[in-house]
1. Right, Ile203: in the same structural domain as Asp125 (by TED's automatic domain parsing), surrounded by 15 or more Cβ atoms within 10 Å (Cβ to Cβ), over 22 Å from the mean Cα position of the chain (by Cα) and farther than 19 Å from Arg38 by Cβ or not?
2. Is it the case, given these coordinates, that Ile176 is in a loop (DSSP other than H, G, I, E, B), touching a strand residue (DSSP E or B) at 6+ places or on another chain (Cβ under 6 Å) and within 18 Å of Asp117 (Cα to Cα)?
3. Look through region 147-161, keep the residues that are in contact with a Leu (Cβ under 7 Å, 6 or more places away or on another chain) and part of a strand (DSSP E or B), and return whichever of them is surrounded by the most Cβ atoms within 10 Å (Cβ to Cβ).
4. Of the residues Gly261, Gly320, only one is at pLDDT below 80 and of a type outside the set (A, V, I, L, M, F, W, C); which?
5. I need a count of the residues in region 133-146 that are surrounded by fewer than 24 Cβ atoms within 10 Å (Cβ to Cβ) and closer than 15 Å to Val315 by Cα.
6. Give region 276-286 a look and list any residue that's farther than 13 Å from Gly336 by Cβ and either surrounded by 14 or more Cβ atoms within 10 Å (Cβ to Cβ) or assigned by TED's automatic domain parsing to the domain that holds Asp161 (or both), or say none.
7. Only one of these conditions is not met by Leu108: (1) out of contact with any strand residue (DSSP E or B) (no Cβ under 6 Å at 6 or more places or on another chain); (2) within 16 Å of Trp220 (Cβ to Cβ). Which number is it?
Amino acid sequence: MIRIACLAVLVGVASVVMTSAQSPDVPRPGGRAATALRTPEAIHVDGRLDESAWQRARPIGVLRQREPVENAEPSEETIVRVLFNDDALYIGIVNQDRSPREIVSTQLTRDANLDVDDRITIVLDPFFDHRNGFFFQINPAGARSDGQVSNNSESLSRDWDGIWNAAARVSEDGWIAEVEIPFKTLRFKPGQSVWGFNVERQIKRRQETDRWAAPRQNVWIGNLAEAGRLEGLEGIRQGLGLDVRPYLSGGAENSDGSLTGGVDVFKNVTPNLNAAVTVNTDFAETEADIRQVNLTRFPLFFPEKRTFFLEGAGVFDVAGLANTTDIRPFFSRRIGLVESTAGDNITVPVRLGLKLTGRQCEYCVGVLDVETGS
């Protein structure tokens, strides 16, 4: 007989976390504003920006130096334009460079650390709550990195993976990046035509960082309270907001040769609330942990990488301790693991998980319950 253990009770999984979110009506100090242009024209993401809509769109304005000289003129010009249609947001960036042969572009893998390259970072705050959002990065080789921004975190977490498209190419005048972000990848409030928005460019060989809004050294790119505004997003739609991920395994995958399966379902209950259900979850596709060597008497810290627990994870970063590993009131990585008497972690199957995250009446709401097998 299978014994069902509710780890929700043991580790505080079944919890409701409500943190006050800043009202979207609060004025923004010193924020810059840009307008996105709606276009019926089909945009082919190839890094060329040769559609006529790109020429009609107005640039968002100049980027200024954050480093090395705060608020100084940039050494190279960066031209950013924004388009959108019913289904996606398009961002085109022309990164002018008088020495294109010196452009640094070494990374090719998904979610690589692009801080070692020339790169563009885009942050979006679709709820315009000045605290939570998403970031997207691309380098001249077309390598992409993305993640969520939770509670204006100074460090960008790359654990979240969204569905989006981008292309980049190096030209005689620098390099060009073209980004397509489907609205169904994001979560936003219906009728919210203003989003938080910022763009940052790094010129690696000069150790230079240029930024559109808040180009100050004491402000990091993930600080959405200092981001600018992207206006004009009228009539956008999120779609059904349904994501179903089934799996089936058997044969050599299982020690007894039997078949097993499960499913993850993600659904937008309302535009503000997202529900997730996982049944007999298999985490075989989860990204492997970074290899670490422990030379201390303390256990190593491995961050959460499982999709079910990453969705809306920022809601559970409570007490302002999201960037620390010393004190964590809640840590989902413990779910599905039990420490044995020998000190080893034993994996236990996740039979059923329910999760509800989002915003309601200017509050962040998070409910999570997980039941595991023996």
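The values are calculated or read from the model by the stated rules, or taken from the named source; none is laboratory data. Bear in mind the structure is a predicted one, so any value in this text is a computation, not a measurement. Cβ placement follows ideal geometry from the backbone for every residue including glycine, while neighbour counts extend to all protein chains displayed.
1. Details: in the same structural domain as Asp125 (by TED's automatic domain parsing): yes; surrounded by 15 or more Cβ atoms within 10 Å (Cβ to Cβ): yes; over 22 Å from the mean Cα position of the chain (by Cα): yes; farther than 19 Å from Arg38 by Cβ: yes.
So Ile203 passes the test.
2. Values: in a loop (DSSP other than H, G, I, E, B): no; touching a strand residue (DSSP E or B) at 6+ places or on another chain (Cβ under 6 Å): yes; within 18 Å of Asp117 (Cα to Cα): yes.
For Ile176, the condition - in a loop (DSSP other than H, G, I, E, B), touching a strand residue (DSSP E or B) at 6+ places or on another chain (Cβ under 6 Å) and within 18 Å of Asp117 (Cα to Cα) - is not met.
3. The initial filter retains those residues of region 147-161 that are in contact with a Leu (Cβ under 7 Å, 6 or more places away or on another chain), namely 147, 149, 152, 159-160.
If we keep only those that are part of a strand (DSSP E or B) as well, we get 147, 149.
Values: Gly147: 21, Val149: 27.
In this case the residue turns out to be Val149.
4. Values: Gly261 fails: at pLDDT below 80.
Going through Gly261, Gly320 in turn, just one is at pLDDT below 80 and of a type outside the set (A, V, I, L, M, F, W, C): Gly320.
5. Of the residues in region 133-146, 1 are surrounded by fewer than 24 Cβ atoms within 10 Å (Cβ to Cβ) and closer than 15 Å to Val315 by Cα.
6. Ala276, Val277, Val279
7. Looking at each condition in turn, Leu108 falls short on (2).
So that you can scan it fast, the table gives a plain yes or no per residue for (1) buried (at least 18 other Cβ atoms within 10 Å of the Cβ); (2) of a type in the set (S, T, N, Q); (3) touching a Phe, Trp or Tyr at 6+ places or on another chain (Cβ under 7 Å); (4) at pLDDT 80 or above:
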site: Val265; (1), (2), (3), (4): no, no, no, yes
site: Asn274; (1), (2), (3), (4): yes, yes, yes, yes
site: Arg297; (1), (2), (3), (4): no, no, no, yes
site: Pro303; (1), (2), (3), (4): no, no, no, no
site: Glu311; (1), (2), (3), (4): yes, no, yes, no
site: Gly314; (1), (2), (3), (4): yes, no, no, no
site: Ala342; (1), (2), (3), (4): no, no, no, no
site: Asn345; (1), (2), (3), (4): no, yes, no, no
